[in-house]
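J.: Here you go, one structure.
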Amino acid sequence: MGQVLMNLAVNARDAMPRGGKLIIECRRVDLDRPTQMQRVAAAGPYVLLSVTDTGVGMEPDVQEHLFEPFFTTKPPGQGTGLGLATVYGIVKQTGGHITVYSELRRGTSFEIYLPRAAAGGETAAPLPRPADAASGGSETVLLVEDEEALRRLACEVLEGAGLGLKILHPPQGAAAMKEHGTPIPEETKRAAREADGVLFGAAGPSSSAVVSWLRWEMDAYAGVRPVRFFPGMHSPLAEPEGIDYVILRENSQDLYPGREGDLEALARVMPDLADKTGRTIGHFGAGRFAVKVVTPAGVERIARFAVELARKRRERGRPGKVTCVTKSNVLPRSDGLFQQMSERVVREAGFEFEHFHVDDMARRLVRFPRQMDVVLCMNLYGDILSDLAAETAGGLGLAPSGCFGDGWAYFESVHGSAPDIAGQGIANPTATILSAALMLDHVGLSTESRRLQDAVGRVYRERKTLTPDQGGSATTRAMAQAVLAAYRSA
C-alpha cells in the first residue's frame, strides 16, 4: 500500500503543476451488490481508500488507457508509464478493485476497494450474492476455434465456471472461408478488437491466416508462455518439482513473419555487404536470404513488458529476475542491440538482469529450470526454447500462452492441432484451460484465474482423470469436467 500511495501521490503532483490539494481518505464500506462502475467482483465488506487531487483532470480517452503498462501522456524520457499500471497490479493481487473519476480542470479521484479483514486477520466473508448478480461482470470474450468439439469444450469450461462472461464465437477459419470467402471476415476482426479477451484454439492449416492477423496485424508483440510443473504431470526430468517461470518472446521483429528474397537481388543493392571474413554477398552465388529486424523501439517496449511481468511475479513471491537470451557473440549489431537495450531498461527499473547465449540457455533450461523467472527472448529463440521448456514441465500439449499488444491480447495453446488423434476425443485440454485462466487474469478476474489454475493442479495431483498422453484413460471432456468440479469445490 505504501507503493500504491506513493505512485498515486506522484501522479497527483504531476497533475497540479501550480499546486493544489491532495486528499487521502480511508473508510469502511459494505457493498450489498457489485456495480458496473465499481467493478467489484463480489458484494461484501471492504475498506475504501480514495486519493483525490484538484489538478488538471483527464480526457475520457486518456482514462480508457490509464492502467495500461507504459501508457503515459508525458514527453519522451519523462515518464515510464508504469506508475499507475503498478498500482493496478498491486490492487488486483490483493483481491481489490480500483476505479477512477476525472473532470477536466477540476481534478481526479481514485477509489480503491480492498477486502476487509476480520479481527483475527482472516478476510471477512462476503455478503450473500444477489440471485441476479453475475460473478464476473460484463466482460466479453471471443472464442475463435474452428473445431466444433473444442469450441463446445471451451464454452463449457468458461460457462461452467459461473463467471458471467459474455462469450461470442464469430465465423472464422474453414467455415468462414466457405461462407465469406475469407478465413477472418471483417465482422470477426471488429468483434476481436472490441472484446475484453480473445481465446484462440489450436492452430491448423485453415487457421494460419487467423493467427497471422491476431499476432502481426494486431501487433501482439509480447508472447507470454508460462512454464509450470504441476505434481502428477509426466516430465522427462528426474526432479521437475518447482519449475515455474515464463518465456517472454518478442513477437513482432527478428526473422518473423518472414522477409526473404534472392541473393542476387541483395547483391545488386548491397554489393559491399560482407561478413567477418570479408566475403561479400556475391561470393555465394545463387541462393536465398532472410532479413533479421531489430529496432531500439521494439526492444525497449518488450524489455519494459519484461520489467512489468517481473514486478507482478515478485509481488507473488517469485524472484523478479529477467534473463535475456541472444546470440550476441555472433551477431553483435542485431542481437547485441537487443542485449544492451534490454539490460539498460531492466537495470534502470531496479531489477536483476542476466544474459546467456541461446545455445547455453537451452542447456540451462534443462539443467537449472528452477533458477529461471522471466526469460526474455528474441522471436526465433523464444519460439524454439518455449517448446523445449514446455517438454520439461510435462509436454507441449499442456502449455498455454498469451500474446499481448497495447491494451489488447489473445490467448492460445502453444501446440497446434493434433491430426493423429483428431476426432477421438482424447486430446489433453490442459493448454486450453490454462490459456483461459491467463485470459481471466487479463480481463481483471485474477482470483478466478488462480482458482482455475489450482483446479488443474488438483486434477493432476490426484491422477484420477487424465488423458492418455499423461498416463490416464479419460476423454477430453471427462478431464475438463474434473477440472470444473475441482474449481467449483475450491
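J.: Taking interchain pairs and intrachain pairs at least six residues apart, which have beta carbon atoms under 8 angstrom, with the first residue in the range 313-325 and surrounded by fewer than 18 Cβ atoms within 10 Å (Cβ to Cβ) and the second of a type in the set (Asp, Glu) and part of a loop (DSSP other than H, G, I, E, B)?
T.: 318/373; 319/373
J.: Which numbered condition trips up residue 271, out of (1) within 29 Å of residue 364 (Cα to Cα); (2) part of a loop (DSSP other than H, G, I, E, B); (3) in contact with a Gly (Cβ under 7 Å, 6 or more places away or on another chain)?
T.: The failed condition is (1).
J.: Just one of 257, 236 is in contact with a helix residue (DSSP H, G or I) (Cβ under 8 Å, 6 or more places away or on another chain) and within 30 Å of residue 171 (Cα to Cα); which is it?
T.: 257
J.: Turning to a different aspect of this structure: Which count do you get for residues in the range 274-289 that are among the hydroxyl-bearing types (Ser, Thr, Tyr) and either under 39 Å from the mean Cα position of the chain (by Cα) or in a strand (DSSP E or B) (or both)?
T.: 1
J.: Let me ask another. Condition (residue is free of Cβ contacts under 8 Å to residues at least 24 places away in the same chain and within 30 Å of residue 321 (Cβ to Cβ)) applied to the range 285-307: is it met by at least one residue?
T.: Yes: the range 285-307 contains one or more residues that are free of Cβ contacts under 8 Å to residues at least 24 places away in the same chain and within 30 Å of residue 321 (Cβ to Cβ).
J.: Still on this structure, please answer the following. Are there any helices (runs of 4 or more DSSP H) wholly within the range 399-490 with 2 or more residues that are farther than 30 Å from residue 303 by Cα, and if so which?
T.: Qualifying helices (runs of 4 or more DSSP H): 446-462, 476-489.
J.: Then there's this: Is the range 346-364 home to any residue that is out of contact with any Ser or Thr (no Cβ under 8 Å at 6 or more places or on another chain), under 18 Å from residue 308 (Cβ atoms), surrounded by 18 or more Cβ atoms within 10 Å (Cβ to Cβ) and assigned by TED's automatic domain parsing to the domain that holds residue 242?
T.: yes
J.: Also: Of everything in the range 450-481, what is under 13 Å from residue 157 (Cα atoms) and either crowded, with 21+ Cβ neighbours inside 10 Å or in contact with a strand residue (DSSP E or B) (Cβ under 7 Å, 6 or more places away or on another chain) (or both)? Give them in sequence order.
T.: Selection gives 452, 453, 455, 456, 479, 480.
J.: Which of the residues belonging to the range 326-345 are more than 22 Å from residue 308 (Cα to Cα), in contact (Cβ under 8 Å) with a residue 24 or more places away in the chain and small (Gly, Ala, Ser)?
T.: Within the range 326-345, 328, 334 meet the criteria.
J.: Can you name every residue in the range 1-23 that is surrounded by fewer than 16 Cβ atoms within 10 Å (Cβ to Cβ) and part of a strand (DSSP E or B)?
T.: Of everything in the range 1-23, just one residue is surrounded by fewer than 16 Cβ atoms within 10 Å (Cβ to Cβ) and part of a strand (DSSP E or B), namely 23.
J.: Select, from 458, 451, the only residue that is at pLDDT 90 or above and out of contact with any Phe, Trp or Tyr (no Cβ under 7 Å at 6 or more places or on another chain).
T.: Answer to the selection: 458.
J.: A further question on this structure: State whether the residues of the range 51-68 include one that is at pLDDT below 80, out of contact with any helix residue (DSSP H, G or I) (no Cβ under 8 Å at 6 or more places or on another chain) and either among the small types (Gly, Ala, Ser) or closer than 16 Å to residue 109 by Cβ (or both).
T.: Among the residues of the range 51-68, not one is at pLDDT below 80, out of contact with any helix residue (DSSP H, G or I) (no Cβ under 8 Å at 6 or more places or on another chain) and either among the small types (Gly, Ala, Ser) or closer than 16 Å to residue 109 by Cβ (or both), which makes the answer no.
J.: Something else now. Looking at the range 155-183, which of its residues are basic (Lys, Arg) and farther than 19 Å from residue 195 by Cβ?
T.: 178
J.: Considering only strands (runs of 3 or more DSSP E) fully contained in the range 156-230, which possess at least 3 residues that are of a type outside the set (Lys, Arg)?
T.: So the answer is 197-200, 222-228.
J.: Could you look through the range 101-123, keep only residues that are surrounded by fewer than 15 Cβ atoms within 10 Å (Cβ to Cβ) and hydrophobic (A, V, I, L, M, F, W, C), and pick out the one that is modelled with the lowest pLDDT?
T.: Among them, the one singled out is 119.
For (1) closer than 17 Å to residue 413 by Cα; (2) out of contact with any Leu (no Cβ under 7 Å at 6 or more places or on another chain); (3) assigned by TED's automatic domain parsing to the domain that holds residue 388, each residue gets a yes or a no:
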| site | (1), (2), (3) |
| --- | --- |
| 208 | yes, yes, yes |
| 211 | yes, yes, yes |
| 216 | no, yes, yes |
| 222 | yes, no, yes |
| 227 | yes, yes, yes |
| 238 | no, yes, yes |
| 241 | no, yes, yes |
| 244 | no, yes, yes |
| 249 | yes, yes, yes |
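The values are calculated or read from the model by the stated rules, or taken from the named source; none is laboratory data. These numbers come from a predicted model, not from an experiment. So basically every Cβ, Gly included, is an ideal-geometry build from the backbone, and we count neighbours across all protein chains shown.
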